[in-house]
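One structure below.
The values are calculated or read from the model by the stated rules, or taken from the named source; none is laboratory data. These figures come from a predicted structure and were not determined experimentally. Positions of Cβ are backbone-derived with ideal geometry, glycine not excepted, and every protein chain shown enters the neighbour counts. Calculation scope for accessible area: heavy atoms of the full protein, side chains included, ligands and nucleic acids excluded. Shrake-Rupley method; radii C 1.70, N 1.55, O 1.52, S 1.80 Å.
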Amino acid sequence: MSSQIELVCGDITQLDVDAIVNAANNSLLGGGGVDGAIHAAAGPQLLDECRSLGGCETGEAKLTRGYRLKAPWIIHTVGPVWYGGDDQEAEMLEQCYRSVFGQAVAAQLNSVAFPAISCGVYGYPAKEAIAIAVGTVLKLLKTYPQIDKVIFCSFSQEMHRLYQEELKLHR
Ligand code: ADP
């Protein structure tokens, strides 16, 4: 397992990293799940900044400040909605991780925490999504050594265990 990867079970808004990743929607104007939790914790200035961004395409990522969060930055990305697997969901999910790394590298950030993008309301099967998350991040860490820490933050013990199992496959 890569020494740069850490697994945390808890609330991503509390993490002390350069950037936390938001699993947002195309409007970037807030929503439920982790998006709602991030907006609530960061405060209303986040919505003001998001309004100026003109939304975000699925698979892309945009950077904002973190406002009241410990993390100084938030990287907002929009995961695919799961339509059964034949609608390029895997490619789009992989693209989210690539786009987040692109933003992190451009902003010279060193540590990033990801939630399980698309695994909530968007309905992506968790095991498959986690395999893409871990596999893609391991590749990206080789390409971008300046990123020295990636946290996969789970919100349930069940998700946490799935990340542990996936990482074991890469030892
Ligand atoms: P999506 O719309 O991309 O599916 P969701 O926010 O519905 O996004 O869910 C993505 C994942 O984030 C789910 O596994 C959900 O349990 C988790 N999650 C929800 N709130 C938090 C939080 N505060 N910290 C970390 N993960 C969270």
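Can residue 136 be described as out of contact with any Phe, Trp or Tyr (no Cβ under 6 Å at 6 or more places or on another chain), away from the ligand (no atom under 13 Å from the Cβ) and of a type outside the set (D, E, K, R)? Answer is no for this residue. Residue pairs whose Cβ atoms lie under 7 Å apart, sitting 6 or more positions apart in sequence or on different chains, and linking a residue in the stretch 20-40 that is over 22 Å from residue 107 (Cα atoms) to a partner that is among the small types (Gly, Ala, Ser) and in a helix (DSSP H, G or I), are 30/36. For the stretch 58-75, the criterion of being open to solvent by less than 50 Å² (accessible area, probe 1.4 Å) and of a type in the set (Asp, Glu) is satisfied by no residue at all. Any residue at all in the stretch 99-114 that's in contact with a Lys or Arg (Cβ under 9 Å, 6 or more places away or on another chain) and open to solvent by 30 Å² or more (accessible area, probe 1.4 Å)? Within the stretch 99-114, one or more residues are in contact with a Lys or Arg (Cβ under 9 Å, 6 or more places away or on another chain) and open to solvent by 30 Å² or more (accessible area, probe 1.4 Å). Taking the listed residues 104, 90, 37, 71, the one that is outside any loop (DSSP other than H, G, I, E, B), within 14 Å of the ligand (Cβ to nearest atom) and not hydroxyl-bearing (Ser, Thr, Tyr) is 37, with no other qualifying.
Number of residues in the stretch 40-54 that are open to solvent by 10 Å² or more (accessible area, probe 1.4 Å) and either closer than 15 Å to residue 22 by Cα or in a strand (DSSP E or B) (or both): the value is 5.
Residues that are closer than 14 Å to residue 112 by Cβ and within 12 Å of the ligand (Cβ to nearest atom) were ranked within the stretch 8-34; the one that is surrounded by the most Cβ atoms within 10 Å (Cβ to Cβ) is 22. Scanning the stretch 121-171 for residues that are aromatic (Phe, Trp, Tyr) and either loosely packed, with under 15 Cβ neighbours inside 10 Å or in a helix (DSSP H, G or I) (or both) yields a total of 2.
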